[in-house]
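Written below as structure tokens is the structure these notes are about.
Please treat every number below as a calculation from the coordinates, not as lab data. What you see is a predicted model, and the numbers here were worked out from it, not measured in a lab. Cβ sites come from the backbone with ideal geometry, for glycine too, and all protein chains shown count toward neighbours.
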């Protein structure tokens, strides 16, 4: 399923079989699968971990998983199950020690998702806005040892209105770790625009490939030629 700008009352369900959907994107050439437990993001505890692990068993792609991961036991379970990248969100704002510990225990496997609106970071499934600036948080988690940052412009997420190129450029300039763009990607032209950001590591697409506005196979080919990784 997908949310519109992260709103719980704006849900679209595209499939009742996540594992089959993941296999579909893998067959299209996707090498990385981005998975978010939306129920976990709102509740603070992973609610769909069994489904996540089922997906893991059915695909060979690299998987990165986020949503409600605020306990070390959850990180351990995901890594032990073969999840290559674990995404921390709210905990990155509220519990810096947890981020540092996770990075120390699982080097190269911890990413931080920075979801922002008007430059400020949202937490708890985007239901609350913090006073922390996006670039401030990015520099903080970079110092903690994260392997990368997923930067989402909330106002663009699920809107198919195009990514916020300026904001993504500023984030790439702010840190040295890999930055992955998220939010608003709708067409191949959007992908081409992101390819112009020097140093951007990758991009996440969701609604666009479900709705059909973006052809995933062509997008992947374009990204591989331009050295940008595209994720389903």
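Where in region 162-189 is the amide nitrogen less than 16 Å from a point lying 7 Å along the Cα-to-Cβ axis of residue 155?
Of the residues in region 162-189, 162-171, 182-185 have backbone N under 16 Å from the label point off residue 155.
So how do 185, 209, 165 line up by other beta-carbon neighbours within 10 Å, fewest first?
165, 209, 185
Just to be sure I understand: with springs between alpha-carbon atoms less than 10 Å apart, which residue in 198, 207, 47 has the highest mean-square fluctuation in the Gaussian network model of the chain?
Top of the fluctuation ranking is 198.
What full-extension length gain, to one decimal in nm, is calculated for residue 39 and residue 20 as 0.36 nm per residue of separation minus the Cα-Cα distance?
On the way: separation 19, 0.36 × 19 = 6.84 nm, distance 2.01 nm.
This chain segment gains 4.8 nm when fully extended.
Take every Cα pair under 8 Å in region 2-231 that's 6+ residues apart, average their separations, divide by the length, and report that relative contact order as a whole percent. Please report the intermediate quantities before stating the final value.
On the way: 456 pairs, mean separation 37.1, N = 230.
Relative contact order, region 2-231: 16 percent.
Could you identify which residue out of 21, 152, 205 has the top mean-square fluctuation in a GNM of the chain using Cα springs shorter than 10 Å?
21
Using only alpha carbon pairs under 8 Å that are at least six residues apart, calculate the relative contact order of region 33-152 and give it in whole percent.
22 percent
Give the dimensionless ratio obtained when the Cα radius of gyration of region 34-167 is divided by 2.2 N^0.38 Å.
Rounded to two decimals, the normalised Rg is 1.00.
If the chain between residue 128 and residue 170 were fully stretched, how many nm would it gain, using 0.36 nm times the residue separation less the Cα-Cα distance?
Gain in length upon complete extension: 12.8 nm.
Hey, rough spin-label estimate for residue 96 and residue 198, points 7 angstrom out along Cα→Cβ, what's it come to in nanometres?
3.2 nm
With an 8 Å cut-off on Cα pairs and a minimum separation of 6 or more residues, tell me the relative contact order of region 107-190 in percent.
The value is 30 percent.
Taking every DSSP beta bridge that has both residues in region 2-231, what percent is antiparallel when rounded to the nearest 5?
If we restrict to bridges inside region 2-231, about 25 percent are antiparallel.
Return 210, 151 ranked ascending by Cβ neighbour count within 10 Å, so the fewest neighbours appear first.
Final ranking by Cβ density, sparse to dense: 210, 151.
Per DSSP helix of 4 or more residues, -39500 (n - 2.57); summed, then divided by the residues of the chain. What does that give at 222 nm, rounded to the nearest 500? Let's see the in-between values first.
Details: 11 runs with 95 residues, N = 232.
Here the helix-only value at 222 nm equals -11500 deg cm²/dmol.
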